[in-house]
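The values are calculated or read from the model by the stated rules, or taken from the named source; none is laboratory data. Only a predicted model underlies this, so the values are computations on that prediction, with no experimental measurement involved. Cβ placement follows ideal geometry from the backbone for every residue including glycine, while neighbour counts extend to all protein chains displayed.
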Amino acid sequence: LFSSQPKHPFTVFVEGNIGSGKTTFLKHFEKFNDICLLTEPVERWRNLNGVNLFDLMYKNPERFAMPFQNYVTLTMLKLHIQETSKPIKLMERSMFSARYCFVEKMLSNGTLHEGMYHVLQEWYNFIHDHHHVQCDLIVYLRTSPEVAYERIKKRARDEESCVPFEYIKDLHELHENWLIHGQFFRPAQVLVLDANLDLENINSEYRRSELSVLKPIMIENTN
Ligand SMILES: Cc1cc2cn([C@H]3C[C@H](O)[C@@H](CO)O3)c(=O)nc2[nH]1
């Protein structure tokens, strides 16, 4: 179905709740030119031929959760199969968080009808059976729901203005079930970072993650 990629770069997914600091974390790695950085394609979700599916999903979830998650899956798959000559590929989220966190949440709160849910599951299974989605490490930016929610309020994205704390709390539980308790398939080992730390104190966590993210290009000390 998909042309087999010549080689697989060391691929890292950065996962975490809304407001867990993923964009800031990825910015920290901009200085390494051996890393292909792929941020979440929110701008595509905001403008599909002039339609803001992202906004519609929050404003009218019963009608737009399905087309939104459908489109998210397509845009994430494009990033998964995007080739790079660089040795490391760092992606913000993945098809897996779409499947095991957001789609699960929308099924449980009834904004995805079970028929819509099963269509998405069939796509995920088909893709999984026909294309090897490379993943070598998951970095989990672990926050408390309270800290994540405070940051969402501070960042104040228009489309997220009506997101209630309960939604963030439920998404937190889904991330914990997946990445800590292994309730769903984890494509690689999980490095958990304390993302509650604020900017002044999080550098030690970033440096700890560098050891794992940059491992493939670390100059092995020969002596
Ligand atoms: C893979 C994936 C990312 C993603 C983000 N989102 C939402 C959560 C945030 O409000 C915004 C940006 O992450 O998009 C979603 O509803 N479903 C998603 N699925």
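Across the range 51-70, the qualifying residues are those that are crowded, with 20+ Cβ neighbours inside 10 Å and within 20 Å of M91 (Cβ to Cβ), and the one among them that is nearest to the chain's Cα centre (by Cα) is Q69. Checked against (1) touching a residue at least 12 places away in the same chain (Cβ under 8 Å); (2) more than 10 Å from the ligand (Cβ to nearest atom), T75 meets all criteria but (2).
Rundown of residues vs (1) within 12 Å of the ligand (Cβ to nearest atom); (2) touching a residue at least 12 places away in the same chain (Cβ under 8 Å); (3) assigned to a helix (DSSP H, G or I), yes/no style:
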residue: T11; (1), (2), (3): no, yes, no
residue: E15; (1), (2), (3): yes, yes, no
residue: S20; (1), (2), (3): yes, yes, no
residue: L79; (1), (2), (3): yes, yes, yes
residue: R99; (1), (2), (3): yes, yes, yes
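Among the residues of the range 124-163, the one identified as small (G, A, S), within 13 Å of G21 (Cα to Cα) and within 12 Å of the ligand (Cβ to nearest atom) is A148. For beta carbons closer than 7 Å, sequence separation of 6+ or different chains, a first residue in the range 26-50 that is at pLDDT below 95 and surrounded by fewer than 15 Cβ atoms within 10 Å (Cβ to Cβ) and a second that is of a type in the set (V, I, T) and not in a strand (DSSP E or B), the qualifying pairs are D34/I217. Checked against the criterion of being within 15 Å of the ligand (Cβ to nearest atom), on the phi < 0 side of the Ramachandran plot, assigned to a helix (DSSP H, G or I) and out of contact with any Phe, Trp or Tyr (no Cβ under 7 Å at 6 or more places or on another chain), the range 83-92 contains not a single residue that satisfies it.
For every residue, the table says whether it meets (1) at pLDDT below 95; (2) in a helix (DSSP H, G or I); (3) under 14 Å from Y140 (Cβ atoms); (4) over 18 Å from the mean Cα position of the chain (by Cα).
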{"position": "I168", "(1), (2), (3), (4)": "no, yes, no, no"}
{"position": "R186", "(1), (2), (3), (4)": "no, no, yes, no"}
{"position": "V192", "(1), (2), (3), (4)": "no, no, yes, no"}
{"position": "E200", "(1), (2), (3), (4)": "yes, no, no, yes"}
{"position": "S204", "(1), (2), (3), (4)": "yes, yes, no, yes"}
{"position": "E210", "(1), (2), (3), (4)": "yes, yes, no, yes"}
{"position": "N221", "(1), (2), (3), (4)": "yes, no, no, yes"}
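Only residues that are buried (at least 20 other Cβ atoms within 10 Å of the Cβ) and farther than 14 Å from W178 by Cβ were counted in the range 99-110, giving 1. Using the structure shown, decide if H113 is farther than 20 Å from T24 by Cα, of a type outside the set (V, I, T) and buried (at least 19 other Cβ atoms within 10 Å of the Cβ). No. For L179, the criteria (1) surrounded by 15 or more Cβ atoms within 10 Å (Cβ to Cβ); (2) over 21 Å from S209 (Cα atoms) hold in every case but one, which is (2).
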